[in-house]
Amino acid sequence: MAPWLLRSCPARRVWRRWLSGDAVSPGRRTIDDPVRVFVVAGEPSGDVIGGRLLAAMRELWPASLRLSGIGGSCMEREGVKSIFEMDDLAVMGVPELLPHLITLSRRLHQAVDAAVRFDPHIIVTIDSKGFSFRFLRKIKDFCAKSKVPGPFCVHYVCPSFWAWKGGEEKLRNLSEVVDHLLCILPFEEGICKSSGLNASFVGHPVLDDAFDLAGKSADFNVIQSKWMIHGNGQKFRQDHNLTSESPVITVLPGSRAQELHKMLPIYGSALKHLSRSFPGLAAIIPTVPNRTLTGIIDMAVRDWGLPVVVVPGASLEDKYNSFAASDAALVTSGTAVMQLQMCRVPCVVAYRANILTEWIIKQRTVLKYVSLPNILLDSPAVPEALFSSCKPDRLACLLGNILEDPVAAREDQAKAAESVLHMIQPPEALQSPSRTAARIVLAALEP
């Protein structure tokens with residue numbers, strides 16, 4: 001443990017409360033007591049998961065929740081005042097990480113110090129495994145050295161150990177820092193338990209979109225039994241001056257600055273190439289609520305040479321309406337692929353990274369695919385263009401195949417989507433994943 005943390009007087013006072021018995025350990029709490037929860041999310045998708053989890057916890061726990069942690073706008077709406085900008089943690093890949101090591105080290109120390117001062121009953125870290133597990137280990141080390149019972153530590157979104165050579169060995173080491181692991185894929189729970197970890201499958205977070213949009217507006221037709229969301233594509237086209245005859249592609253380049261810088265030039269060239277065969281082609285780009293990232297997109301699309309509708313800080317409603325207005329989608333591998341599955345929009349998945357990062361992935365992965373639908377089905381249900389194959393002409397060809405026969409493409413990918421979404425639904429049918437997760441987290445407070 002860093003000397004600066006052990007010398008921190010406020011932190012030492014906090015943990016003396018545990019030693020003196022002034023603080024109540026989870027097992028001694030009652031349903032009427034307030035709960036202190038410290039939540040860490042390192043990227044926009046984690047912020048969404050965190051916001052939904054906290055909302056569900058408020059519904060299930062009648063007493064007040066006191067919140068602190070690191071997050072974005074979704075967690076802020078639930079009462080978390082982030083101790084620093086979440087964007088500082090949104091880095092992936094070894095070469096990409098190197099310039100940020102000093103900042104990440106400083107942020108790690110800040111996060112640990114803030115958690116110790118806050119004196120939480122529960123800590124929840126969400127995805128971002130590199131930062132999350134270092135943070136939890138420092139908390140556990142501090143408690144062990146101080147000989148105090150620490151908070152109950154939950155990690156939400158099991159790391160994809162199954163995708164890497166030797167991954168299960170690393171999984172076994174997590175039992176030292178994680179008290180409970182919340183899994184979003186059905187096969188992960190059993191493997192975690194066999195490795196000595198307490199784990200529960202809660203369902204994939206994308207399914208919460210159906211609960212958030214159900215009954216929200218007449219624009220949405222949500223069929224929860226099929227995990228299907230249909231927005232109002234006609235209205236979206238009218239509002240953004242897109243004719244009904246224009247072929248429209250939704251472009252989802254990612255939620256990190258490094259992804260945007262890498263993918264947007266490739267996507268722009270691909271759409272220019274595609275527009276030669278499909279006159280009137282237009283693009284839609286819903287962005288995350290981040291001005292810096294939206295600015296990067298605005299600058300990039302100026303040279304695309306076709307109509308581009310950028311939806312800044314797109315809400316969930318905006319996003320699904322833009323999907324409904326689209327004939328196809330071009331998406332960087334990630335959560336957005338699953339959202340396209342929810343609305344049955346045929347898509348092409350692309351991925352590029354730093355050349356060293358790509359080499360490491362090729363050497364270490366045991367997978368044939370990167371998109372979750374293809375991984376779960378073990379078949380190329382969704383076309384992928386990865387690494388050196390992710391070139392503008394290749395993407396234009398794959399998208400052209402969809403636009404030439406959109407009905408057949410939609411039907412083929414829709415069948416695959418129905419199978420995939422059934423596989424990732426919570427153990428209790430038609431239950432919200434966030435509510436399932438909240439019940440498990442709050443169970444730590446029961447006597």
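The values are calculated or read from the model by the stated rules, or taken from the named source; none is laboratory data. Remember, predicted model here, so these are calculated numbers, not experimental data. Here the Cβ positions follow ideal geometry from the backbone for every residue, glycine too, while neighbour counts run over all protein chains shown. Calculation scope for accessible area: heavy atoms of the full protein, side chains included, ligands and nucleic acids excluded. Shrake-Rupley method; radii C 1.70, N 1.55, O 1.52, S 1.80 Å.
Below 8 Å, C-alpha to C-alpha, sequence gap of six or more: please give me the relative contact order for the chain in percent.
On the way: 804 pairs, mean separation 74.6, N = 447.
This gives 17 percent for the chain.
If you bin the C-alpha pair distances of region 229-340 every 5 Å from 0, what whole percents do you get? For region 229-340, the pair-distance distribution reads 2, 12, 25, 26, 21, 11, 2.
Counting only protein heavy atoms and using a 1.4 Å probe, what share of the accessible area of the chain belongs to carbon plus sulfur, as a whole percent? Walk me through the intermediate numbers first.
Working: 10010 of 19290 Å².
With neighbouring chains kept in place, the figure for the chain is 52 percent.
Charge tally around Phe323: other residues with Cβ under 15 Å, Lys/Arg +1 each, Asp/Glu -1 each, net -2. Springs join every pair of Cα atoms under 10 Å in this Gaussian network model of the chain, and among Ile424, Ile70, Ile223 the largest mean-square fluctuation is at Ile223. At q = 0.12, 0.17, 0.23, 0.24 Å⁻¹, what log₁₀ I(q)/I(0) does region 166-261 have when each alpha carbon counts as one equal point scatterer in the Debye sum? So the normalised log intensities are -0.70, -0.94, -1.11, -1.13. Between Val288, Val420, Val366, the Gaussian network model of the chain with springs among Cα atoms under 10 angstrom shows the greatest mean-square fluctuation at Val366.
Computed with the Debye formula from one identical point scatterer per Cα of region 90-238, without solvent, the log10 of I(q)/I(0) at q = 0.18 Å⁻¹ comes to -1.08.
Take the cross-link list Lys138/Lys170; Lys235/Lys415; Lys165/Lys415 and give me the ones stretching past 21 Å between alpha-carbons. Over 21 Å apart, Cα to Cα: Lys235/Lys415; Lys165/Lys415.
As an exercise, use a Förster radius of 22 Å and the Cβ-Cβ distance of Thr103 and Lys145 to find the FRET efficiency, rounded to the nearest 0.05.
So the FRET efficiency works out to roughly 0.25.
Taking a Cβ cut-off of under 13 Å around Met57, the surrounding Lys, Arg, Asp and Glu residues balance to a net charge of +4, with basic ones at +1 and acidic ones at -1. Each residue of region 265-280 was assigned a 3J(HN,Hα) from its phi angle through the Karplus expression (A = 6.51, B = -1.76, C = 1.60, θ = phi - 60°), giving x, 5, 5, x, 5, 5, 6, 4, 4, 5, 5, 5, 9, 10, x, x Hz with x at Gly and Pro.
Heavy atoms of the protein chains alone define the surface here; on that basis the chain has 43 Å² accessible area per residue at 1.4 Å probe size.
The largest-to-smallest principal axis extents of the Cα set in region 374-434 are 44, 28, 21 Å.
Computed from backbone phi with θ = phi - 60° and the Karplus coefficients 6.51, -1.76 and 1.60, the 3J(HN,Hα) list for region 175-189 is 4, 6, 10, 10, 7, 8, 10, 9, 9, 9, 10, x, 7, 6, 4 Hz; x is used for glycine and proline.
Computed 3J(HN,Hα) for region 342-349, one whole-Hz value per residue from the Karplus formula 6.51 cos²θ - 1.76 cosθ + 1.60 where θ = phi - 60°, is 4, 9, 6, 8, x, 9, 10, 9, glycine and proline marked x.
Please give the net charge around Arg291, taking every other residue with its beta carbon less than 13 angstrom from that of Arg291, where Lys and Arg add +1 and Asp and Glu add -1.
Working: positive: none; negative: Glu85, Asp87, Asp298.
Net of charged neighbours comes to -3.
Of interest is the spacing of the C-alpha centroids, which for region 120-160 and region 229-267 amounts to 38 Å. Comparing Ala329, Ala63, Ala283 in a Gaussian network model of the chain where C-alpha atoms under 10 Å apart are linked, the largest mean-square fluctuation is found at Ala63.
What's the center-to-center distance, using Cα atoms, between region 368-415 and region 421-436 in Å? After rounding, the separation between the Cα centres reads 26 Å. Packing, taken as the mean count of other beta carbons within 10 Å per residue, orders the peptides 301-308, 240-247 from highest to lowest as 301-308, 240-247. With the helix formula -39500 (n - 2.57) applied to DSSP H stretches of n ≥ 4, the chain reaches a computed 222 nm mean residue ellipticity of -14000 deg cm²/dmol. Quotient of the Cα radius of gyration of the chain and 2.2 N^0.38 Å, N being its number of residues: 1.00. When the P(r) of region 284-431 is calculated, the portion above 26 Å amounts to 30% of the C-alpha pairs.
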